[in-house]
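Worksheet for the structure shown next.
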Amino acid sequence: EECERERCFGLTAETLVGRTVELDHVSGTYGRSRPTPFLCLALKMLQMQPDRETVVGFINNEEHRYLRALGAFYLRLTGTGADVHQYLEPLSNDHREIRERISDEEFMLTGYFIDELLTQDSCCDIVLPRI
């Protein structure tokens, strides 16, 4: 399996979208603290610092649920409290199921990823900033 960090090297905003729509689960780390593809893409976004319009475009994408999840996760990490409430609270009604890795070989379906971003202290093994 190709190292996810290597797969994220040299990504542009456009290729980041392509990698994100290929995702089939969300999570932070697995195994011996290996980052998941979702976490690698989130870290790449932190490095790239996309403009708000790009992030909101990810969040408003209804076709690709993992693109929405990545945008929401990034906004939750970097946005102000007002941003989080403006862009994420309306999505709390989006209960489409996404797969979440809970161990090396175990996954679960959840329809509450956005709710977790709004109500929990951590998500995908990352402690979220206070809002």
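The values are calculated or read from the model by the stated rules, or taken from the named source; none is laboratory data. None of these values were measured; they are calculated from a predicted model. Here Cβ is always computed from backbone atoms with ideal geometry, including for glycine, and neighbour counts include all displayed protein chains. Just the protein is used for accessible areas: all its heavy atoms, side chains included, with ligands, DNA and RNA removed. Shrake-Rupley method; radii C 1.70, N 1.55, O 1.52, S 1.80 Å.
When T15, T20, T36 are checked against the criterion of being within 19 Å of Q120 (Cβ to Cβ), of a type in the set (V, I, T) and open to solvent by less than 80 Å² (accessible area, probe 1.4 Å), a single residue qualifies: T36.
Pick from the range 74-86 the residues that are open to solvent by 30 Å² or more (accessible area, probe 1.4 Å) and either outside any loop (DSSP other than H, G, I, E, B) or aromatic (F, W, Y) (or both): which of them is farthest from H64 (Cα to Cα)? Only one residue fits best here, namely A82. A Cβ distance below 6 Å, combined with a sequence gap of six or more or placement on separate chains, defines the contacts here; from the range 117-131, residues that are at pLDDT 90 or above reach residues that are open to solvent by 40 Å² or more (accessible area, probe 1.4 Å) and among the charged types (D, E, K, R) in the pairs C123/E116. When the helices (runs of 4 or more DSSP H) confined to the range 9-71 are screened for residues that are within 25 Å of S103 (Cα to Cα), those reaching at least 1 such residues are found at 13-21, 37-48. Here E116, E105, E89 are screened, and the one residue that is open to solvent by 30 Å² or more (accessible area, probe 1.4 Å), part of a helix (DSSP H, G or I), within 27 Å of Y30 (Cα to Cα) and of a type outside the set (V, I, T) is E116. Please work out which residue is nearest to F58 (Cα to Cα), limiting yourself to the range 90-104 and to residues that are modelled with pLDDT of 90 or more and under 16 Å from the mean Cα position of the chain (by Cα). Within the range 90-104, the match that is nearest to F58 (Cα to Cα) is L91.
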